[in-house]
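Novice: Sharing a structure here in C-alpha cells format.
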C-alpha cells in the first residue's frame, strides 16, 4: 500500500527565512509519481510540481526547489526567502503510474510572519 | 482563474435539509472527483468518475449521492446529513485513469456547515 508522511504539522518562520517541508513516502511500485500542492486560505489546492520516480534531478522554480532522494524515499520542498504569501497548507502526494488515485500526506501548515 | 468551479462556496444546512453541491470543469478532462477535508484530518477521497461512470466509492454513507451527467459536471446531493459531515468539500478533475501521471486540478471547495 502507498503512504505519504509529512511529519511536520506546522512550521512558523519569519519572512526571508528559508524553510524546508519534509515528505517521506512508501510504495512498492517501481514507477510512480510525486506531487506537491499548495492550499492557501481560499481553499483551492494549487498544483506545484510533479516528478516521476526515474528523475532524481533536483528542480528549481524561482524561490521553490525540490529535492528527490529515492534512497531515503523523500521528496522535500524548500522555499527560499519566504514571503507572507507563502503562508498556506502544503500537501505532498503520491500516485501510481496510471490511474486516478492520489495518496496525500496530512499536510504541513506554513506560517510566514512579517 | 481556476478551471474547476464549485458552487456554492459556503453552505449552511440543517440535518433534515436536502441540498446539492455543483462542480464544473473547463479543462477538457474526463475524470472528476469529490474529496472531503475535515479539520485535522487528511484529505479523504469520496468518489471518482471516469467518462461519467463511477469507478470509486470509498465507503461513503448513502446520505451523500453523487451524480455525473457528463464529463464536465459533477454534483454531490446531500440529505439528512450529520454535524460531523461539516467540512470542506473539494472537487477535482484530471485526464482519465488510462493517462499516465495524472495531475488533478482542484476547485476552491464548498465549506459546508451542518447544524
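Values quoted throughout were computed directly from the atomic coordinates according to the rules given, and no laboratory measurement underlies them. Remember, predicted model here, so these are calculated numbers, not experimental data. Using ideal geometry, Cβ is built from the backbone for each residue, glycine included, and neighbour counts are taken over all protein chains shown.
Novice: Which percentage, to the nearest 5, of the DSSP beta bridges contained in the protein assembly as shown is antiparallel? Kindly include the intermediate steps, with their values, before the conclusion.
Specialist: Working: 75 of 84 bridges.
Of the beta bridges lying entirely in the protein assembly as shown, close to 90 percent run antiparallel.
Novice: Pick from B:99, B:80, B:55 the residue whose mean-square fluctuation is largest in a GNM of chain B, springs joining Cα atoms under 10 Å.
Specialist: B:99
Novice: In percent, what relative contact order does chain A have, based on Cα pairs under 8 Å that are 6 or more apart in sequence?
Specialist: So the answer I get is 38 percent.
Novice: Report the FRET efficiency, 1/(1 + (r/R0)^6), for residue B:70 and residue A:17, where r is their Cβ-Cβ distance and R0 is 35 Å, rounded to 0.05. Working shown, then result.
Specialist: Details: r = 47 Å, r/R0 = 1.35.
After rounding, the FRET efficiency stands at 0.15.
Novice: Could you bin all the Cα-Cα distances of chain B into 5 Å bins starting at 0 and give me the percent of pairs in each, rounded to whole numbers?
Specialist: Calculated over all Cα pairs of chain B, the distribution is 2, 13, 24, 26, 19, 11, 4, 1, 0 percent.
Novice: Return the single residue from B:91, B:68, B:23 with maximal mean-square fluctuation; model: Gaussian network over chain B, springs between Cα atoms under 10 Å.
Specialist: Highest fluctuation among the options: B:68.
Novice: Ok, one more. How big is the range B:61-108 on each of its three principal axes, counting only the C-alpha atoms and giving the largest first in Å?
Specialist: Projected onto its principal axes, the Cα set of the range B:61-108 covers 38, 21, 18 Å.
Novice: Let me ask something else about it. How many angstrom lie between the C-alpha centres of the range B:48-90 and the range A:28-75?
Specialist: Spelled out, the Cα-based centre of one part sits 28 Å from the other.
Novice: Another question, then. To two decimal places, what compactness ratio does the protein assembly as shown give when its Cα radius of gyration is scaled by 2.2 N^0.38 Å?
Specialist: With N residues counted in the protein assembly as shown, Rg over 2.2 N^0.38 Å equals 1.02.
Novice: What is the percent of Cα-Cα separations in the range A:14-54 that go past 13 Å?
Specialist: Everything past 13 Å amounts to 70 percent.
Novice: Under a GNM of chain A (C-alpha, springs under 10 Å), which listed residue has the highest mean-square fluctuation: A:67, A:76, A:58?
Specialist: Among A:67, A:76, A:58, the largest GNM mean-square fluctuation belongs to A:58.
Novice: What is the calculated FRET efficiency for residue B:18 to residue A:55, with r their C-beta to C-beta distance and R₀ = 45 Å, to the nearest 0.05?
Specialist: Calculated value: 0.40.
Novice: Starting from the Cα coordinates of chain A, work out the convex hull volume and express it per residue in Å³. It would help to have the intermediate numbers written out before the result.
Specialist: Values: hull volume 10.9 nm³, N = 114.
In chain A, the Cα hull volume divided by residue count equals 96 Å³.
Novice: OK, next. With the contact rule set at Cα under 8 Å and sequence spacing of 6 or more, what percent relative contact order holds for chain B?
Specialist: Here the relative contact order equals 37 percent.
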